[in-house]
Every structure is written in structure tokens, then in C-alpha cells.
């Protein structure tokens, strides 16, 4: 097998090529040939879960929503800091990503889909939120390379007024929204504030425990008690 020969291929709803390959010993998922995720990079996903905690060292309690299964790193980090009786809803739009986690990728994150606290939903994020009355202690969103670089074109809605309003109303009071991005976006940070969140951004390393390598941006929004309608 060639170094970059795909282990598996699929198509996004837009018809774009999605590939899973082994590259330099790591599993890599690309969309349109662009890097989407790598099994070598999980530091910022772990940081997302820490930001979802109510206080440093405290477990996340109640119900948590993870939008985007990816390679399971965000889900694993949430499970590691969630209470034993917590429930974690995981939304994944692409059936291929779920299948690849079960066949190829589960070992990287310790097979998080097998945790009994997990509820997996193969669906669109906004479709799920608009059809649900659940309220979450935390929502973690890692479905794109950022609020201006989309895996699927329809995901643009998540970072606009309708999407942010859906996230806001799906959170319990003082609930936390954490959005992963490969880059900083002041426009998106302002949009979070406009949607009613107490917003800030945090920088996290792509490689856990390393002072080198890429930096990612985590947008954090806390839901207050304000009515944004």
C-alpha cells in the first residue's frame, strides 16, 4: 500500500471527497484534500472539555452535547471529566465518520462510543436542536475547521444568528458553549456577544503537553439569564 493510499473513502452531502488515510503513522481524515483531523492532534479537544467544567477540577454534571464525533477525542475528553451519571449526546452528520470510528479509529480515544453514558445521533446539528426541548450544561462544537471554513456548506448556519440562537436556547442558565476553530475570528466572537453570550476566546495547542506546533482557538460563550428574543 502506498503511504497515502486511502483506507476508506466517502462523500459529504455536498458531494465532496472525504478520505481516511495513514500518513506517517497517523490516521488522517481529509475533505477536498484538505486536512480535517489527525490522530496525532488532540490537545485542543481536551482543552474544550476543561472549558466546559463549571469550576476547575469539578466534574461536568447533567446532560452534555458534543456536536461532531471526529476521531472521538472531544468525546473522550468530555467523558473523562463528566460525572458518572452524566449523559452525553453526540451528533455526527456523516455516517462514514461513525463507521470509521468503529472500524479504524476507536483505539486512539479509548473507544468512547462504547461508554454507556453516550447517546449517538446521526443527524444535522440544527435539525436536532430545533426538534429538541433538552437543556444542556455544556455544548461543545467541533464540526468544521472554524466559523469560516466549513466541512459541509450548510454548516455556515451554525455560526450565524439562527445557529447561535439555537445553541443559546439549548443551554441551561450558566451553561457553556465551546466552539473549536483552527484560527481566530473576531467577527465570530462579536457574533457570540450579540447572541447573548458572555464571550471570550482561548488559545490551545494542537499537541497536548507541547510548547510547539499549531495553535487553535476555542470560542467560549456562557449563557446568562438574558432573553435574546
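The values are calculated or read from the model by the stated rules, or taken from the named source; none is laboratory data. Source: prediction; values computed, not measured. Cβ sites come from the backbone with ideal geometry, for glycine too, and all protein chains shown count toward neighbours.
Within the stretch 138-167, can you find the residues that are part of a helix (DSSP H, G or I) and either more than 19 Å from residue 198 (Cα to Cα) or at pLDDT below 90 (or both)? The answer is 153, 154, 155, 156, 157. Residues that are in contact with a helix residue (DSSP H, G or I) (Cβ under 6 Å, 6 or more places away or on another chain) and assigned to a helix (DSSP H, G or I) were ranked within the stretch 5-47; the one that is farthest from residue 141 (Cα to Cα) is 46. Take the conditions (1) touching a residue at least 24 places away in the same chain (Cβ under 8 Å); (2) out of contact with any strand residue (DSSP E or B) (no Cβ under 6 Å at 6 or more places or on another chain); residue 116 misses just one of them, which is (1).
Screening residue 130 with (1) buried (at least 22 other Cβ atoms within 10 Å of the Cβ); (2) touching a helix residue (DSSP H, G or I) at 6+ places or on another chain (Cβ under 7 Å) gives one miss only, at (1). Kindly indicate whether residue 49 is crowded, with 22+ Cβ neighbours inside 10 Å, modelled with pLDDT under 95 and closer than 28 Å to residue 25 by Cβ. Yes, satisfied.
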